[in-house]
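Engineer: The structure is given below, and queries will be raised subsequently.
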Amino acid sequence: MPSFIGWVPTDPEFIDGFFELAPMSPADVVYDLGSGDGRLLFSAVEKGAGRAVGIDIDAVRVLLAREEAKKKGMGDKVTFLEGDVLQVNLADATVIFCYLLTTASAALKPKFEAELKPGTRVVMESFPVPGWKPVRTYEMDYGIGYRSFYLYVMPPQYAEEQPTYTNEYQ
């Protein structure tokens, strides 16, 4: 997958937005696409997820996240893979977390539809998946505006109208 966005970590105050839409259980296998420093995955395990997998294209971020997992004593529950998310099989996931631009979501849609099992939850921060209708949305007020989160459950519901995007950064 081309790099659709540089590393933009989820602010600590917004991490709970993901879990508002996707509460964790020991049966959950959480994947974070573009996992960066692993903060969402560490939170997922702390909140009860059984296992977590981060995928990032940046070798340095993957190395640092692996070191942090060891420091936290989570090396047996959290795995970090260096690679292109389009090349990694996502079929084991029960929950997918993403903070990606709409262009990346559009590129991932066919992969999600082909690989994710029915009932798998996909939570997107800020940018909805074009053409999919969220099962639920959640907004967090951060003083100067809102941060939106979108929950989709596989197989996805489709929006009645397909949005048209003309700006590659939407």
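The values are calculated or read from the model by the stated rules, or taken from the named source; none is laboratory data. Note that the structure is predicted; figures quoted are calculated from it, not measured. Every residue, glycine among them, receives a Cβ derived from its backbone with ideal geometry; neighbour counts consider all protein chains shown.
Engineer: Assess whether F42 counts as being closer than 30 Å to I144 by Cα, out of contact with any His (no Cβ under 7 Å at 6 or more places or on another chain), modelled with pLDDT under 95 and not hydroxyl-bearing (S, T, Y).
Structural biologist: Working: closer than 30 Å to I144 by Cα: yes; out of contact with any His (no Cβ under 7 Å at 6 or more places or on another chain): yes; modelled with pLDDT under 95: no; not hydroxyl-bearing (S, T, Y): yes.
In short, no.
Engineer: Here's another thing I want to ask about it. Does the range 83-111 hold any residues that are modelled with pLDDT of 95 or more, surrounded by fewer than 16 Cβ atoms within 10 Å (Cβ to Cβ) and either acidic (D, E) or within 18 Å of S148 (Cα to Cα) (or both), and which are they?
Structural biologist: Within the range 83-111, just D92 meets the criteria.
For (1) free of Cβ contacts under 8 Å to residues at least 24 places away in the same chain; (2) surrounded by 21 or more Cβ atoms within 10 Å (Cβ to Cβ), each residue gets a yes or a no:
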| residue | (1), (2) |
| --- | --- |
| R61 | no, no |
| R66 | yes, no |
| M74 | no, no |
| F80 | no, yes |
| E113 | no, no |
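Engineer: Any residue in the range 76-91 that is closer than 20 Å to D11 by Cα and either within 11 Å of the chain's Cα centre (by Cα) or not hydrophobic (A, V, I, L, M, F, W, C) (or both)?
Structural biologist: No, the range 76-91 contains no residue that is closer than 20 Å to D11 by Cα and either within 11 Å of the chain's Cα centre (by Cα) or not hydrophobic (A, V, I, L, M, F, W, C) (or both).
Engineer: Are any residues in the range 130-156 at pLDDT 95 or above and aliphatic (A, V, I, L, M), and if so, which ones?
Structural biologist: Answer for the range 130-156, where residues must be at pLDDT 95 or above and aliphatic (A, V, I, L, M): V135, L151, V153, M154.
Engineer: Related question: Every residue in the range 30-54 that is touching a helix residue (DSSP H, G or I) at 6+ places or on another chain (Cβ under 8 Å) and at positive phi, please.
Structural biologist: Matches in the range 30-54: G34, G36, G38.
Engineer: Right, here's the next one. Does at least one position in the range 120-140 carry a residue that is in a helix (DSSP H, G or I), more than 18 Å from A159 (Cβ to Cβ) and free of Cβ contacts under 8 Å to residues at least 60 places away in the same chain?
Structural biologist: Keep residues of the range 120-140 that are in a helix (DSSP H, G or I), which gives none.
Within the range 120-140, not a single residue is in a helix (DSSP H, G or I), more than 18 Å from A159 (Cβ to Cβ) and free of Cβ contacts under 8 Å to residues at least 60 places away in the same chain.
Engineer: Moving on to the next point. Only one of (1) surrounded by fewer than 16 Cβ atoms within 10 Å (Cβ to Cβ); (2) within 16 Å of the chain's Cα centre (by Cα) fails for K70. Which number is that?
Structural biologist: Going through the list (1) surrounded by fewer than 16 Cβ atoms within 10 Å (Cβ to Cβ); (2) within 16 Å of the chain's Cα centre (by Cα), K70 breaks only (2).
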